[in-house]
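Peer 1: Before we start, here is the structure in question, set down as structure tokens.
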Amino acid sequence: MTPRNWIKATLPALAFVGASTVALDVHAGEPTEHGEHAMHGEHAMHGEPVAREDAGHDEHAGHDERAVRQHAGHSEHAGHGAKHGEHAKHGGHAASGHTEHGGEHAGHSMHAGHGGHDMAMYELEDGEQVMVMGGMPIWLFLASVVAIIVFSFVVVEKIGSVPKRDDGRRINLIRNRRVYRVVRSRWFQAIPQLLMVIVLLFLLYAGLFGNRIGNITPVAVWTIWWAGLVFAVALFGPLFCYMCPWDGLANLVSRLSLWRRTEPLTLGFDVPRVLQNMYPAIGLFVILTWAELGAGITTDPRGTAMMGLGMAVLAIACALIFKKKAFCSHLCPVGRISGMYANFSPVEVRARNPRTCKTCKTEDCLNGNARGYACPTGISLKVINNATMCTMCTECVKSCDRHNVAFNIRPIADDLSRPTTRADEAWMCVILLSLTLFHGFSMTTAWENHAPGSMSLIKWMGVTFGTASEVNFTIGMLAVVLIPVSLYWLSCVVASRLVRSTVSAWDLFLQYSFALLPVALFYHLAHNAMHLFAEGGAIVPMLSDPLGTGADYFGTRGMHVGALLSDQTLWYLQIALIVFGHLVGIVVAHRLSRSMFSGPSRTKDATRSLVPMLVIMVLISVAGLSLMALDMNMRVGRM
């Protein structure tokens with residue numbers, strides 16, 4: 001791509017950056033009721049409380065919220081974590097909620113330990129407390145946007161145009177015969193799966209029968225497992241699927257064993273053809289996202305436990321009714337998300353020698369035999385070319401008589417350079433991107449602002465339409481999710497016209513969808529890093545008191561670890577992740593365009609189709625950075 005074409009491609013992105021800058025600047029300097037600048041502006045006199053009272057009825061508020069904002073230089077308490085703990089801490093100073101006498105809810109606004117940003121606490125009508133954390137500075141946001149644009153140009157010119165190497169660079173981790181024998185043993189999966197079943201049962205018990213306050217289940221599930229899951233998939237592939245406790249329970253019920261090859265107890269029905277895809281998993285992912293963000297189960301031990309129990313029931317029911325693993329193949333959103341992200345991972349399961357597979361007549365890897373079960377998701381090593389459906393269950397290792405299975409270390413994003421032809425995979429990529437961005441936006445004060453007298457999208461909808469908060473959330477979620485989907489479709493329509501309709505917009509929608517996956521993955525990592533490193537320490541005291549009953553089994557109940565990374569370190573990490581994912585996405589898009597328009601005569605068509613995709617990817621990455629620059633609402637549960 002020439003510099004002139006690149007400038008034309010990035011002009012819309014520059015306009016978007018300018019609009020974002022104005023919005024962020026207005027947000028940062030917006031005066032509060034008492035003339036203060038909210039979160040990033042001037043502070044009141046150090047140490048003196050500034051009362052902020054409701055006038056009996058706030059027409060903008062979605063709840064009956066009252067708060068007292070007080071600046072403090074120090075805090076005696078360290079936090080359990082910003083989202084779930086008894087005390088909230090970020091950047092070295094803690095914010096603790098109290099209730100003032102006289103019937104008013106009280107909160108604290110505090111100086112962050114790093115970066116000079118305010119933090120405010122608000123107690124809601126239902127007893128939940130929310131801490132508002134300041135985003136990254138405007139200058140850092142602008143510098144990151146410039147880096148994205150500059151690096152994009154360098155990558156397109158220097159890397160993207162270089163043909164993808166296919167020299168078979170692989171390191172087989174199970175090449176050694178002893179290692180292969182260990183992996184082939186049924187105990188290789190049974191032991192970690194059994195341990196995970198025990199953990200799941202304990203978390204279900206704690207969530208259902210423990211106290212609501214100080215309960216380990218929400219922290220373990222949402223702050224540790226869900227936040228850490230995406231990091232594990234990016235590094236190791238579908239590792240959670242390998243040790244999945246829901247699948248472990250289904251195996252125990254249907255096979256009556258985890259470590260012996262037995263005939264499963266099942267009705268053996270085929271999955272209806274209309275459901276033999278990822279759409280059920282996409283639908284369940286949307287529902288769980290609504291429950292997580294709209295119903296607030298992230299701070300509810302019982303709600304979290306019921307969700308985990310529901311997943312276990314679905315896994316067991318599918319095992320008893322359908323052939324193979326219908327739950328893993330079509331219904332489990334965790335497995336299908338892991339499978340999509342695993343296409344980036346440096347770990348893969350493939351045939352050690354593809355020529356050996358060509359002479360195989362039985363395809364035991366697909367159909368199973370006396371030593372191993374059939375592949376739970378219907379994969380044959382003869383034809384597998386991506387990691388989307390692999391659960392790393394190792395059944396193919398057990399069933400292959402020719403010992404022709406390899407666990408390889410490979411170049412990252414290797415599977416993404418081969419475009420998908422499946423509509424459900426393409427939609428999963430697009431929905432993943434949209435819901436991940438929505439997850440970040442729904443935590444900002446632009447979505448919901450709890451400060452009295454403030455305005456936000458949810459409050460505006462309530463005031464304008466008079467609808468319930470659940471309705472407002474659902475409509476707002478649908479509208480926000482449709483924005484990236486619509487922009488991507490529009491870019492495909494424009495690209496199709498630029499190539500004179502030689503390739504349809506729908507074909508481009510399919511072909512380029514994998515280019516969105518690194519962008520989605522690394523924004524997801526950046527967002528989850530905030531939870532994992534700012535709130536992950538909350539698990540330490542709860543290890544000694546998992547049910548919130550006042551116990552101290554391991555002597556850690558009084559340990560308040562607080563944030564694991566400073567504000568500045570976390571910001572730089574998030575920026576690095578978003579920029580890296582953006583650049584990988586550009587390389588993938590460039591290579592996909594070359595594979596679609598192969599041959600010297602189609603080079604111009606490849607470039608023309610690529611321009612709208614680069615524009616949309618710049619816009620999406622800038623939008624991700626914008627979310628990191630906005631103030632964030634962090635629910636801390638009931639104090």
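The values are calculated or read from the model by the stated rules, or taken from the named source; none is laboratory data. Computed from a predicted model, the values in this text were never measured in an experiment. Every residue, glycine as well, gets a Cβ built from its backbone with ideal geometry; the counts of neighbours run over all protein chains shown. Note: areas computed on protein heavy atoms with side chains; ligands, DNA, RNA excluded. Shrake-Rupley method; radii C 1.70, N 1.55, O 1.52, S 1.80 Å.
Peer 1: Quick check: pseudo-label points 7 Å beyond the Cα along Cα→Cβ at Ser544 and Asn176, how many nm apart are they?
Peer 2: Taking the two extended label points, one gets 4.0 nm.
Peer 1: Something else: Assuming 0.36 nm per residue, please report the length gained on full extension of the stretch Arg418 to Gln568 beyond their Cα-Cα distance.
Peer 2: 50.2 nm
Peer 1: For the pairs Lys324/Lys382; Lys324/Lys358; Lys323/Lys358; Lys323/Lys398, note any where the Cα-Cα span goes beyond 22 Å.
Peer 2: Lys324/Lys358; Lys323/Lys358
Peer 1: Quick check: at a probe of 1.4 Å, how many percent of the accessible area of region 256-295 sits on carbon and sulfur atoms?
Peer 2: 66 percent
Peer 1: So, one more: Provide Phe269, Phe202 ordered by accessible surface of protein heavy atoms (probe 1.4 Å), highest first.
Peer 2: Correct descending sequence by accessible area is Phe269, Phe202.
Peer 1: So how much slack lies between Glu263 and Thr603, counting 0.36 nm per residue of separation and subtracting their Cα-Cα distance, in nm?
Peer 2: 116.9 nm
Peer 1: Which of the trypsin sites (Lys or Arg not before Pro) found in region 331-365 are in a DSSP loop and have at most 16 neighbouring Cβ atoms, other than their own, within 10 Å?
Peer 2: Passing sites in region 331-365 are Lys361.
Peer 1: In region 225-293, what trypsin sites (Lys or Arg not before Pro) fall in a loop by DSSP, with at most 16 other Cβ atoms inside 10 Å?
Peer 2: Arg260, Arg261
Peer 1: Still on this structure: How about region 432-502: which trypsin sites (Lys or Arg not before Pro) there are in a DSSP loop, with at most 14 other Cβ atoms within 10 Å of their Cβ?
Peer 2: In loop regions of region 432-502 (DSSP not H, G, I, E or B), the sparsely surrounded trypsin sites (Lys or Arg not before Pro) are Arg500.
Peer 1: What nm distance separates the two modelled labels at Asn369 and Asn385, each placed 7 Å from Cα along Cα→Cβ?
Peer 2: 2.7 nm
Peer 1: Let me check I've understood the local charge: for Val499, count other residues with C-beta under 14 angstrom from its C-beta, Lys and Arg +1, Asp and Glu -1. What total comes out?
Peer 2: +4
Peer 1: Same structure again: Suppose the chain between Ile138 and Trp187 were pulled fully straight at 0.36 nm per residue; how much longer would it get relative to their current alpha carbon spacing?
Peer 2: 12.3 nm
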